[in-house]
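Structure first, then comments.
The values are calculated or read from the model by the stated rules, or taken from the named source; none is laboratory data. Values in this document were obtained by computation on a predicted structure and should not be read as measured data. So basically every Cβ, Gly included, is an ideal-geometry build from the backbone, and we count neighbours across all protein chains shown. What goes into the accessible areas is simple: the full protein's heavy atoms, side chains included, and nothing from ligands, DNA or RNA. Shrake-Rupley method; radii C 1.70, N 1.55, O 1.52, S 1.80 Å.
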Amino acid sequence: MSRWDDEVDFVIVGTGAGGATAARVLSEAGFSLALVEEGRYLKPEDRPRELVDAMAMAVRGMATLATDSVVPMPLLQGKCVGGSTAINSGIVWRMPEDVRAEWASRWGLTGLVGEAMDDAYATIEDELGVGPTEAPIAGGNNLLMARAATQLGLPGKVIQRNARGCEGNGRCLQGCPVGARQSMEVSYVPRAIERGARLVTDCHVERVLLERGRAVGVRGLVRDASGSRRIEIGARRGVIVAASAIFSPLLLARSGVRHPLLGERFQAHPGAAIVGRFDEDVCMGFGASQGYEVPMRERGYKLEALSLPPDMLAARLPGAGRDWQTRVGELGRYAQWGGVVRMEALGRVRAGLFDGVSVRYEPTRADLAKVRDALLLVGRMMFAAGAKEIYPGIASMPEIVRSEAELVERMPIELARPDVHLVASHLFGTTCASADPSRGVVDEQLAVRGARDLYVMDASVFPTNLGVNPQHSIMGVVWAASKALAAREHARRAA
Amino acid sequence: MTATAIEGLPLTRLEVFWAGLVLPSFAGSGAGFTVREGEVDYLAGLARFMGAASEKAKLGIRLAFLLAVTAPVWLGGRLRGFSSLGAEERSELLDRMSRHRVFFVRELCLLLKLIACMAIFRAPSTRERTGYDRATPGATPHRRKLPVLSHAAAELTEERAA
Ligand SMILES: Cc1cc2nc3c(=O)[nH]c(=O)nc-3n(C[C@H](O)[C@H](O)[C@H](O)COP(=O)(O)OP(=O)(O)OC[C@H]3O[C@@H](n4cnc5c(N)ncnc54)[C@H](O)[C@@H]3O)c2cc1C
C-alpha cells in the first residue's frame, strides 16, 4: 500500500500567477499534477458584490496582514484558487527591457529573460486575451484621469488588461462576477484540470517532505466543512513551491531549507492615493476598476486610476459625522488615482508570533521622496481635470485642499513615514534567483540550492522589483522555467 | 443582529456593547447620508470582518474600541462615558480621533470606520442612496460571448446573455 494519499509527477503549492502558470506548462507537457491551495475555489457567481463578504472569502487576513513597524504597511494578497490574480485588476505589463538586461548581466538569468520570455509572452497574451481597456467600459474614474493627463501633457495611456468581455462592473477586487478577467481560477487552473491535474483546495501545506535532500512530496492540513485532516501527496519528479513572496520562504524554512538569503531581499511597489471631488458624475460603480495609467518610470513611479468599492471610498473620505455624511451622500462624485512606487528599500520575511509571519520593511528617504513626487503630480492632475477639492491623505497637510496653489504650498518638503498611508500589493524577492550560489536561494532554473527536485516558481524568485505591474513578468519567468524543466524531465524519461 | 453573529465575535460582552455604540456613530448625525432604523447590522459586519482578519488586526480592533469609548476623557477632557453622549457628540469625537496627530490613534479609528462602512454597504438599500452606482451617461456596457478557458465562466456568460 502506498504511503501517500495521492501521488503525481509534480506537486505545485499555490495557484496564483506562478503556480497556475507552472501547471499550464507542465500539464500540457504530459505530466500529472496536484495543485495544492490553502484558499478555497470560488466560481464567478460565488463572488459577492459586498466587500466584507467578498474579502472574507478571497483576501488574506482581510488585507490586515501588515509589516512589523510602528507605522505598519498593509500587504495585500489573495487567498483562494487563483491567488492574488483572483483579486487583482488584470493589468498587464511586459518586463521592462532595462530590468531584463540587469537580470541577465548581474544575476545570470539569461535563460529566463531571454528569447524564452518573448515566446511565453506571445502565448500568454493570446491565451488570456490581453488588450486595451475598451472605451465603452472605461468609466468616469478612468476617463477623468485621461482628461487630466491630456491637459498636463503627461504620457498617459489606456491600460492593457487580461479581460475578455469586461462589463465594467468595477468589481475586480471583489472578484469578477462574469469571469471576464482571466485570472488563474478561470484560465490556467481549469485548463490544467482539463488535462488531468488534480486540485486540492482548503489545504495549507505545512512542509515539503525532503528525503536525503530530495523533495518527495508535501504534507498539508485540509480544513473544510467536514473538519480538518492531514494529507500527504507524493511527488515522483518534484515539488514546485509557488506560495508567494511572503509564504514561499516560510514554507522552505519550515521544510529545512537553509540559505543565508532565504527570506531576505524582500521588495515591493507600495502605493498611496488621492481622492478628489468633482461637480460632475464620476460613478466608480461603473467601469473597469483600473483602465488608465501614467507611467513615470524615469521618476520611479507609475500613476494609476483606481476605483474603490463604496465602503472603501466612504472610509477614505475625511472625518466622521455631519460633513462626512454629506460627502457620503454624493459618493458618485469622487475619483481616486494613486502612485505606485518602485522602492529601493530591502526588507525581510521570517516566521513570526502573530499570524505566523513577520515582515520587516521600511521605505527609505528616497522612497518617500518618490511618494511625495507622485502624490503631488496626482493632486495637480486632479485639479487639471476640474476637481473642486482633494483629500491628499497626508497627515501633515490639511485634510481638504481646494486649489493647486494650496497643494503646492502645503505639501511638506519631505514626507515622514507616519504622514502617509502606504499599501503594498506587488511583493518580491525572498527566495532570490541567481546563477551565483552566494546570491541566489534558487539557481537560474529556479531549483532550490542544497535540495534536489525542489523548485520555487513565483514572485519570490525576483532578484529586483520592476517598476511595473508584475503578474505578466511572474508568468513569463515561470513559463520559461517550467518549459525548461519539462524538457529536462522528458530527456530524463527518455534516457 | 443574529445570535450566531454575536457568538462568532471574538470579543467580551462589554466589547460587543462598545461595538454597538461606536460603529453606528460614524454616521451618527442627521445630516447628508443617514442610516435608517434597523437597516444596518453593524455587529454582523464586524463578525464577518473579525472572522477573517489577522490576529494583529483583531487585537487592534479591541484596542480601538477601548480608545473610542474612553475618548470623552482623554480627547474630550470630560469625565463622561461614551454612552452618555448624544449621537452628534459621539460622531464629533470620532471625527477628532480620525485626525489625531498620533498615527496609531488615526489608524485605529480608520480601521473602525472601514468596518462601519463595510457593514453599512452590506445593505443594498444604503448603496442605492449614494449615487455610487449610476451609470455614466452615454456609456452602454457591451456584451459579447466570451471565449474564456473556463467552462464554468463561459456557461455563466452565455446564460446571462440569453
Ligand atoms: C489587490 C491586488 C491588485 C493587483 N493588481 C495587479 C494588476 O493589475 N496587475 C499585475 O500585474 N499585478 C497585480 N497585482 C500583483 C499580482 O497579482 C501578484 O504579484 C501575483 O499574483 C503574485 O503571484 P504569486 O504566484 O507570487 O503569488 P499569489 O498570486 O499571491 O499566489 C500564491 C498562492 O499561494 C497560496 N499559498 C500560500 N501559502 C500556502 C501554503 N502554505 N499552502 C498552500 N497554498 C498556499 C495562496 O493562498 C495563494 O493562492 C495585484 C495584487 C493585489 C493583491
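Details
- Counts of other chain beta carbons within 10 angstrom of each beta carbon in peptide A:271-282 average 1.
- Net charge, A:Ala345 excluded, C-beta distance under 13 Å - Lys, Arg +1, Asp, Glu -1: +3
- Based on every Cα atom in the range A:189-302, Rg and the maximum pairwise Cα distance Dmax equal 21.5, 68 Å.
- Computed E for A:Asp98/A:Asp126 - FRET, C-beta separation, R0 35 angstrom, nearest 0.05: 0.85
- The modelled label-to-label distance between A:Arg360 and A:Arg229, using points 7 Å beyond Cα along the C-beta direction, is 4.2 nm.
- Delta accessible area of at least 30 Å² on complex formation, residues of the range A:102-136, 1.4 Å probe, chain isolated as reference: A:Glu134, A:Pro136
- Pairwise FRET efficiency - B:Leu66 versus A:Ser105, Cβ, R0 = 45 Å, nearest 0.05: 0.25
- Once Rg and the Kirkwood radius are both taken over the C-alpha atoms of the range B:3-133, their ratio Rg/Rh works out to 0.95.
- Average beta-carbon neighbours from other chains, 10 Å sphere, peptide A:59-71: 4
- Separation of the A:Ala29 and B:Glu128 label points, Cα + 7 Å toward Cβ, nm: 5.5
- Under 5 Å from the amide H of A:Ala66 lie the amide H atoms of A:Leu75, each residue being 5 or more positions distant or on a separate chain, with H modelled from the backbone and absent for Pro and chain starts.
- Approximate shape of the range A:116-252 as ellipsoid semi-axes (Cα gyration tensor, √5λ), whole Å, largest first: 40, 18, 16
- Using bins of 10 Å that start at zero, the share of Cα-Cα pairs per bin across the protein assembly as shown amounts to 3, 16, 27, 27, 18, 7, 2, 0, 0, in whole %.
- About the centre of its Cα atoms, the protein assembly as shown shows a dipole size close to 960 debye [charges on the beta carbon of Lys, Arg (+1) and Asp, Glu (-1) only; nearest 20 debye].
- Chain A and chain B together bury an accessible surface of about 5700 square angstrom, both sides counted, with a 1.4 Å probe and no ligands or nucleic acids included.
- Accessible area per residue was computed with a 1.4 Å probe on protein heavy atoms; A:Thr431 scores about 0 Å².
- Among A:Leu331, A:Thr430, B:Leu93 the positive-end extreme of the charge dipole of the protein assembly as shown (Cβ point charges): A:Thr430
- For chain A: relative contact order, % (alpha-carbon pairs under 8 angstrom, 6 or more apart): 23
- The mean count of C-beta atoms from other chains within 10 Å of the C-beta of residues in A:192-198, rounded to a whole number, is 1.
- The share of accessible area on the protein assembly as shown that comes from carbon and sulfur is 53 percent, using a 1.4 angstrom probe.
- Theoretical FRET efficiency, 1/(1+(r/R0)^6), r = Cβ-Cβ of A:Glu280 and A:Glu45, R0 41 Å, to 0.05: 0.75
- Normalised contact order of the range B:3-133, rounded percent, pairs of Cα under 8 Å and 6 or more residues apart: 34
- Above-threshold pairs, the threshold being 27 Å between Cα atoms, out of A:Lys157/A:Lys370; A:Lys43/B:Lys56; A:Lys79/B:Lys56; A:Lys370/B:Lys58; A:Lys302/A:Lys483; A:Lys370/A:Lys483: A:Lys43/B:Lys56; A:Lys370/B:Lys58; A:Lys302/A:Lys483; A:Lys370/A:Lys483
- Chain A, accessible area per residue, ligands and nucleic acids excluded (1.4 Å, Å²): 33
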